[in-house]
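Please treat every number below as a calculation from the coordinates, not as lab data. Keep in mind it's a predicted model, so treat the numbers as computed, not measured. Backbone-built Cβ (ideal geometry, glycine too); neighbour counts: all protein chains shown.
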Amino acid sequence: MSLVDPAVDPATDICFVLEGTYPYVRGGVATWVHRLLHGLPDIRFGVVHIGPEKSSRSRPYYTSPPNVTVREDLFCREKAPDDDDGSLRRMARAQRHRLAGTREHSRVLSAIRRLHLEGEDEAGLLDDFAADDLTVEAFLHGPEAYHVVEELYASLAPGCSFIDFFWHFRAMHLPLVRLLSATPVSAGAYHAVCTGYAGLLAAVWSRRTGSPMLLTEHGIYARERRLELERASWLERTRDRRHTGRSGGPFDTPTASALRRMWTRFFAVLARLAYGQASVIVSLSDASRQRQIADGADPARTRIIPNGIDLDLFPAPTELEPKRASAHGPIRVGFVGRLVPIKDVITFVRACFLVSSAIPLDASIYGPTNEDPAYVRRCRRLVAHLGLERVVSFRGSAPASQIYPGVDILVLTSLSEGQPLVVLEAGAAAIPVVVSDVGACRELVEGGDEPDRALGPAGIVTRLAAPEETAAAILRLARDPALREAMGESGRRRVSARYRESGTLAAYHNLYRSTAWPESAGVSNT
Amino acid sequence: MAGIGWRLEHLIHRGVAGAAAAYATGAAVMALPWVLTTAVLVTLPLLVGRDLPGLAAALGGVNVAYAIALLVAGPVQVVVSRFAADRLYEGRRGAIPGPLFRGLALALLACAAVTAATLAALRAPVTIVLGASVLAAAVGAQWTALSAGNGLCTPGSVLVAVGSGALTSFACAAALVKVGGLGLPGFFLGLVAGQVLTLALALRGILRALPDEADEGARLAPAFGDYRALAGAGLAFNASLWVDKLLVWRLFDPLSASHYASASTLAWFSTIPCLSWIFVEVETRFHRRFHGFFRALEDGATLTDLRRRAHGLGNEAARLLRGATSAQAGVLVLLELAAGPVARRLQLPAEAVLAYRILLVAATAQAVGLLGLILLYYFDLRREAFTATSGLLAAVATLTTGAILAGLPPGAGTAAGCTLGALLIWRLVFACIPRVLEHTLLEQPGVWPRRRRAMTAGANYASRGSTRSGSIPYSRIALSTESAGTLPSSASACSVATTMFSASISK
Amino acid sequence: MIAMLLVRPRISRSGCSGRVVGALVLAGALEAVAACLGAHGLSRNATLELASAAVLHALAALPVAALARRMGSRARFGMLAVLAIPCLGVGIAAASCATHGRDASGPMRRRPHRAAPWPVAEAWRRLGRAPALGDALVGEDPELRRAALLTLSRRQDPAAIALLRRAAWGPDPELALSAGIALDEVGERAERQERESQVAERRHVAR
């Protein structure tokens, strides 16, 4: 089945279903979506964004091109009022009474139940989720929903705090129920850029409308959530913890443990449902693809389409040469990324401290600082504490054209990455990189397969959270201009050969326009 | 009634004397206000002299004033007392004074205006219109203050306020009429002086329990919407207590109505031991279990534990029913046996004795029904309370009318109506209490105000970019015990009106 | 008077200040004069006396109404009581305006939570089966792994940091990330402790 079906005239060709990203949040995924929208002007796009609640919606960072014909915002929660005037309780009470006599069986509720208790029959689950027979009111105040809570509690968390289970059950499924009640955007195909709530919504819409679904994952959503859940402090604030009178030991309370398992399983099943419905599952690197397969993706439907860079936006190395550091000036090191803990800027600052004690250094940190102000304060404090105010400067966000001409070495100390665009950008600008060994970084720097490796290393890969290794790598590059030049050139050659934006766009264009979608795609039994 | 349960238990554990003191406290709290008021209103005409010109009309005006205060201020009382109890539970005492004073002002104005309009329509003399309107204003505001005060002051201070007021009314009215020679204006001024004293003492007690600084932005109007079912239930229960007297007054001659009202008043006195028992048991053992259930829920009990506790609450309700029925049945048997001698001593006519015997049964059903209603209030089952009391009112009105039309004693219809109503109330109690957990949780809103967001961990996985530790609070639980105090005070007010009927009509 | 009543303070305050007492005394005096006029009469013109008494009665409400700016609904209710209940309403106004609150703290004191026993049996059962921290880090049980990471990140000794580094440099990307974050936390805690000790030292020197 080709995407363009002459018998159907949907509002859009491709409807992106996005969660917490474009156009409201800047970052790798948002940039990727933006470039795709601009790069494929002959395709009509729809953009559906899922956000937490209406009040949290900020001004869009990106302006959509004219080929975006549908823009829609969906929200997981209602806006919370500032004060309690009793109307909420009044409404809740009225709804409880209204629904008290209802005994209708809801397929969506049945799916929620099976999601936790069985969860193997993905197609059947999706059909039930697509049934659209559960209102938010019935979920919150209906007796059938309550009985599902009791049943799940008995199976998943017996002996735990019931009230905690109840609230977590609501918090987990209310966004789901709210999103499932949204009317599907008419589209030739749905393209989710993660699993989770967005992936499930795309899968359900695909099931309901019969349009196929495509899934691209930059990071592996379910695993990211699992890691987050492992560290989530809010999970520890269960009632049984509260009356122990302790601040918390290394072990979870039974309730926290059960809830953590429940949340983890929830996201894992959502991922499996999205994988099951998606006709094509795209990842950026082979490592990510292997994880998708391990999480339930059908290997036959997976493919790798790496990120790409528009080389025209980056000057050729010969043009850059005069701007590069002189042999006697300080070496200019750049860090490009959001200032958040996952990017481990602290390790970069510590590495700068070690380097600056050996050679003159001029370090710049580029990236938005508004996401985690406490972390930014911590970074600034560390810079001050180490006496690096004259060495390390925070420059905020800047366009690539202003960043790379002033950088001799790009450093990326992230604790987690998919396929970082900044490494590709540095490669395009012929700048050697020092990167931590996460995600597809090693593949980008040293090459994936044999012909790729033959292009030579584009930088040095270090271990995570190891400032002394990062500093040693910077020093090695700083003291050897020839090595810098060679690595920069390798990077540019690699990007030119394998990571061109035109290649990425062509791959998606082919996928959208000419891929033969499996016959099973988008078949709904509802 | 902060701490009253603990004090009662402390007394009971002291032995027989302590238990007697506890039950005496219960009797005083539940019955003393209306017993004292009844005593004042019955004995005052004897003291000031029946020959005082216009006294009969003045007592009629007093009747109207009390009846209107009962009806008009009743819903305001329920709303204000529940509002105060809920804010108390939330720990927002500063939000109480503003709405409380607005509620008092509403009760005061409405009672005065409606009484004045009614008496003017009945072509009463100006002195009686003015006197009764002022009395209604004072009584309406006083009952509203006392209903809120039940939750904020100690029972002792409420009783002192009521006792002082009753004595002052009695003494002032007698002095102003007999010594001052002020006639009817003095009679009204004396009555009002006592009510004003009670109101002032109640206000003093309430305000001493509240902070000096009050949030004037707190609104009462939404509470009328929020608690409308409770207000309706209170009104319907009050109306069910005297609708039969109204029907008898309307369909019989005044003398029969007077006898019926007197018999009803005497019969209602039979509930004092039962009400005392209800007060002590509800405030001690039941209250402990009730709070234990919700405390366990908030403290993270397991579902099995919560089910066991809910089952225990059902058992406790059954025990209360058995106990109240037994206590009332015992009194009923004694009074039925003593009815003849008592009637002879009070020189009551035969028809009043028959009505008294039948109305003793009705009073039993009313007391048992009242207990069920208190439990429905406890569990915040507003709609059920409204349904039950509406059913009670309809049953009493219909069956009393039916009995009168069928030539049966009206009390028989009333007793049958009260019994049916009590059965309906208890059916709802036993249907709802085992499902208290389900009802409580299903009545939690899906979203909570930001101000309240801090109690229970929830989760927010709405957006990859914003995985915050959102928190969804577990709400306040069902109502606190204090607001249940509203009903007995309404019932006592009703009894006062009943007494007034008997006192004025018979003379 | 209407303007006085329309004033609606955000926070009202009660109290027996001189102004409140003065207003109540004035209202009481006016009411007393009105009562004397109404009850006994000072002249032969009864209609004029009644009219004067009514005017004085209405005027008695004014001083109480003037308190509305500070006392909000208390004063408004007091004024209504003065108007609706001749002579005696001043007593209600006095009770509502001049009573001091005892409890100025606001929130009700809640019962402290009883300390329920720590799930000791469960903890000991797990601890009894638990391998060494290093093995727990690379083991299959996610809860043990989590507990090991948490324990190591709190220990802050060289051995713990070495174990965390080994985990961060291992082949499992998820464990590496968790260990990386744990190392970051160790660093943050050390920075905070150092900052606090510096502040304490500066205070000590200043003394």
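Helical runs assigned H by DSSP (4 residues or longer) give the protein assembly as shown a calculated mean residue ellipticity at 222 nm of -20500 deg cm²/dmol, each run adding -39500 (n - 2.57) before division by the residue total. Fewest neighbouring Cβ atoms within 10 Å first, the residues B:Trp6, B:Trp268, A:Trp234 line up as B:Trp6, A:Trp234, B:Trp268.
Give me the Kirkwood hydrodynamic radius of chain A, using the inverse of the mean 1/r over all pairs of distinct Cα atoms, in Å to one decimal.
When all Cα pairs of chain A are included, the Kirkwood radius is 25.1 Å.
Counting Lys and Arg as +1 and Asp and Glu as -1 over every other residue whose Cβ lies under 14 Å from the Cβ of A:Thr135, the net charge comes to -2.
Give the shape of region B:207-290 as rounded, prolate or oblate, defined through the alpha-carbon gyration tensor: a ≥ b ≥ c are the square roots of its eigenvalues, a/c under 1.5 means rounded, and otherwise the shape is prolate if a/b is larger than b/c and oblate if not.
Values: a/c = 2.70, a/b = 1.58, b/c = 1.70.
It comes out oblate by the Cα gyration axes.
Secondary structure note: in chain A, about 0% of the DSSP beta bridges are antiparallel.
Seen from B:Tyr23, the other residues with C-beta closer than 12 Å to its C-beta sum to a net charge of -2, counting Lys and Arg as +1 and Asp and Glu as -1.
Counting neighbouring Cβ atoms within 10 Å and putting the fewest first, the residues B:Val64, B:Val129, B:Val342 line up as B:Val342, B:Val129, B:Val64.
Ordered by the number of other Cβ atoms lying within 10 Å of each residue's own Cβ, fewest first, B:His13, A:His34 fall into the sequence B:His13, A:His34.
Between region A:419-472 and region B:73-119, the C-alpha centres lie 73 angstrom from each other.
Simple spin-label estimate for A:Val136 and A:Ala507 gives 3.9 nm between the two label positions (7 Å along the Cα-to-Cβ direction from each Cα). Residues whose amide H falls under 5 Å from that of A:Thr302, counting only those 5 or more places apart or on a different chain, are A:Ile281, with hydrogens built in the peptide plane. Of the complete DSSP H runs in chain A, those spanning 27 angstrom or more by Cα along the long axis with a mean Kyte-Doolittle score not below 0.0 are A:254-277. The shape of region A:98-230 comes out oblate: with a ≥ b ≥ c from the C-alpha gyration tensor, a/c is at least 1.5 while a/b does not beat b/c.
Close amide H contacts of A:Val68 (hydrogens built in the peptide plane, cut-off under 5 Å, sequence separation of 5 or more or a different chain): A:Phe45. Is the shape of region B:1-151 best called rounded, prolate or oblate, per the rule: a/c under 1.5 gives rounded, else a/b larger than b/c gives prolate, else oblate, with a ≥ b ≥ c the square roots of the Cα gyration tensor eigenvalues? Oblate shape, in that a/c is at least 1.5 and b/c is the bigger or equal ratio.
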